[in-house]
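Written below as structure tokens is the structure these notes are about.
The values are calculated or read from the model by the stated rules, or taken from the named source; none is laboratory data. Predicted model only: the values in this text are computed from it and were never measured. Ideal geometry is used to build each Cβ from the backbone, glycine not excepted, and the neighbour counts take in all protein chains shown. Ligands, DNA and RNA are excluded from the accessible area calculation, which covers all protein heavy atoms including side chains. Shrake-Rupley method; radii C 1.70, N 1.55, O 1.52, S 1.80 Å.
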Amino acid sequence: MKSTAGKARLSAVLGFAGVLLLACAPISTPAASRYPDPVPLRTSGLTGSGDAVFSISPERAEGAEYLPNSTVLKLADDGLIYVPEGADAPVSIYPGDKAGRNSALAAAAEDRRWLEAGVVPGRDRFERDIAARSLLNLRLLTLDNGASLAAIDENWDYVWPRDASWTAAAFAATGHGEESRDILEFLARTQGGDGTWQARYYPGGRPVGDGRAYQLDASGWFPWAVRFHAKSGGEGIEKLWPAVERAADASAASLGRDGLPPGGADYWEIRTARPNLGTSAALLAGLRSAAEIARELGHREKAARYAGAASILAGAVEREFAPNGYTRTPWPTSGRDAAVTFLAPPFAPYDQDVRDELRRTESVLRAPNGGLLPGERWSQEPTVSWTAESAFFMLAASATDDRKRADRWLRWLAAHRTELGAFPEKVDADGSPKAAAPLAWTDAAVVLALAAGEGRLPPPPG
């Protein structure tokens, strides 16, 4: 655990203008926004330290840029903005203030030391710059108690167990095992006694009680992330095992006579009456991961149980979803879904049929601006694409050695960042970034994809 107390930082996650962003605003979710179309961009990037994180407005970002591989912002007039260690507000350093500038440069050097303590993936400077910015954003979004926020924005500054699991995997893949373990331990502490999680949590760990149903997919994403952490050399697996066991038990118990989990809220955060692909694929990755962890820890009976449940679920997914092109639900008219990527590496072993369906689905989900929609029957903002879904396909391509397709997606994502290089949640019809930025889920997916391109990801569970 980091040396700075989590409480100190939690109380200081503010907007740049001083607006407290941790206030409860239970009116929106990242995937099912109720905002007018499209959601405006309110942040262009972040600055911060181990004690506080602040968002940078699009207006403030105009003409500004980060010092290389840091969170210190250089303004158009050559002034600097950064957050000193222990401070609860950003500091502006004006040109000519040598002492202040030296302090800011020291803070930038600390950011670079953190990056250098791990691995910044990428085959060239362009890719490494993107990876470094994403890793720095993920670091700022991860609080000292392990709470990994979706974004610093009044409707996103909560912990979604799904997003947090992906962030833990991204840290693990890049050699930042301490941050990965902190996130996983936070998730273990917030897990319910039945092995499930609520849809989202306040940074202190309390569930957000806005009436929405829990998302069962977290019981799959967590074991997958723990295995990822372990295979990347991470420590503390024995301590995390009880939470893995509870999650896998919940996953196995959820399978019905058809071999699938029940309908409910998927990663769209919209309920389906019938079983959905997003939840089924996540639980499959989780059960396979839990079986492997159990075997390595010597829990042979549990390993056999989880492997058996995974086999039943895999057969049901193939039987119920594959015939119609891995649609969102077994109902043929539910349309293709970006969750087909969860059936490809690094979540599942390579399958040529799945790879073929990935390409067909990618074509069907293409928005007019070149990005992707979550699904073929997506009912919101049909001209607005989503960066996380686009990054899913980049990750699937990279993890299956389809470099041309992965590069194309990276170029598209990079071309639609904010002025400060942050990936937004959405891209408007005219190509401009919208909604929350940076978005942790997209950052994590891009980091994983770049790491996959260098062969740095562990083999899929299987």
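Can you compute the helix-only [θ] at 222 nm over the chain? Use -39500 (n - 2.57) per DSSP H run of at least 4 residues, normalise by all residues, nearest 500 deg cm²/dmol.
Numbers: 14 runs with 200 residues, N = 462.
Result for the chain: -14000 deg cm²/dmol, rounded to the nearest 500.
In whole Å and largest first, what semi-axes does the C-alpha gyration tensor of region 35-111 yield when each eigenvalue is scaled by 5 and square-rooted? Walk me through the numbers before you get to the answer.
Details: eigenvalues 115, 41, 20 Å².
After diagonalising the Cα gyration tensor, the semi-axes are 24, 14, 10 Å.
Quick check: convex hull of the Cα atoms in region 204-243, volume per residue, rounded to a whole Å³? Don't skip to the answer; put the middle values down first.
Working: hull volume 3.8 nm³, N = 40.
Enclosed volume per residue, from the Cα hull, is 96 Å³.
Bin width 10 Å, origin at 0, all Cα-Cα pairs of region 282-393: what percent of pairs per bin?
15, 39, 28, 14, 4, 0
I'm checking a number: the convex hull volume of the Cα atoms of region 323-462, normalised per residue, in Å³. What is it? Mind showing how you got there, number by number?
Working: hull volume 14.4 nm³, N = 140.
Expressed per residue, the convex hull around the Cα atoms of region 323-462 is 103 Å³.
Fully extended, how many nm does the chain gain between Tyr350 and Lys239 (0.36 nm per residue separation, minus their Cα-Cα distance)?
Values: separation 111, 0.36 × 111 = 39.96 nm, distance 3.08 nm.
So the extension gain works out to 36.9 nm.
At a temperature of 37 °C and a viscosity of 0.692 mPa s, determine how fast the chain diffuses translationally according to Stokes-Einstein, using the Kirkwood radius over alpha-carbon pairs as Rh; express D in µm²/s, rounded to the nearest whole number. Walk me through the numbers before you get to the answer.
Numbers: Rh = 21.9 Å.
Once the numbers are plugged in, D ends up at 150 µm²/s.
Rounded to whole Å and ordered largest first, report the semi-axes of the equivalent ellipsoid of region 347-393 derived from its Cα gyration tensor (root of 5λ). Walk me through the numbers before you get to the answer.
On the way: eigenvalues 93, 22, 16 Å².
Its equivalent ellipsoid spans semi-axes of 22, 10, 9 Å.
What's the Cα-based Rg to Rh of region 26-185, Rh via Kirkwood?
Values: Rg = 16.2 Å, Rh = 16.7 Å.
Here Rg/Rh amounts to 0.97.
Per residue, how much accessible area does the chain have with a 1.4 Å probe, in Å²?
Working: 16600 Å² over 462 residues.
That works out to 36 Å² per residue.
Quick one: grab the alpha carbon gyration tensor of region 76-129, order the square roots of its eigenvalues as a ≥ b ≥ c, and give me rounded if a/c is under 1.5, else prolate or oblate depending on whether a/b is larger than b/c.
Working: a/c = 2.75, a/b = 1.81, b/c = 1.52.
Prolate, because a/c is 1.5 or more and a/b exceeds b/c.
At 20 °C and a viscosity of 1.002 mPa s, what translational diffusion coefficient does Stokes-Einstein give for region 264-342, taking Rh as the Kirkwood radius over Cα pairs? Give it in µm²/s as a whole number.
Values: Rh = 13.1 Å.
Once the numbers are plugged in, D ends up at 163 µm²/s.
Short version: ³J(HN,Hα) in whole Hz for each residue of region 330-338, in order, from phi by Karplus 6.51 cos²θ - 1.76 cosθ + 1.60 (θ = phi - 60°), x for Gly and Pro, what are they?
Couplings: x, 5, x, 7, 6, x, 5, 9, 4 Hz.
Diagonalise the Cα gyration tensor of region 153-301 and give the resulting equivalent ellipsoid semi-axes, square root of 5 times each eigenvalue, largest first, whole Å.
22, 20, 12
Quick one: Kirkwood hydrodynamic radius for region 220-278, alpha-carbon pairs, angstrom, one decimal?
On the way: mean 1/r = 0.0771 Å⁻¹.
Every distinct Cα pair counted, the radius reaches 13.0 Å.
On the protein heavy atoms, probe 1.4 angstrom, tell me the percent of accessible surface of the chain carried by carbon and sulfur.
Working: 8360 of 16600 Å².
Here it works out to 50 percent.
Could you let me know the centre-to-centre spacing of region 106-166 and region 207-255, using Cα atoms, in angstrom?
Each part's Cα centre sits 22 Å from the other's.
Please list 434-443, 448-457 highest first by mean number of surrounding beta-carbon atoms within 10 Å per residue.
Values: 434-443: 29.2, 448-457: 22.0.
Going from most to least packed, we get 434-443, 448-457.
Expressed as cubic angstrom per residue, what is the convex hull volume of the alpha carbon set of region 183-258? Provide the component values of the computation, followed by the final result.
Values: hull volume 7.3 nm³, N = 76.
Taking only Cα atoms, region 183-258 has a hull volume of 96 Å³ per residue.
Hey, with R₀ at 56 Å, roughly what FRET efficiency would Asp88 and Asp124 work out to, going by the Cβ-Cβ distance, to 0.05?
On the way: r = 39 Å, r/R0 = 0.69.
My answer for the efficiency is 0.90.
Calculate how large, on average over all directions, the projected area of the Cα convex hull of region 380-462 is; give the answer in nm² to one decimal. Before the final figure, lay out each step's value.
On the way: hull surface 24.2 nm².
Orientation-averaged projected area of the Cα hull: 6.1 nm².
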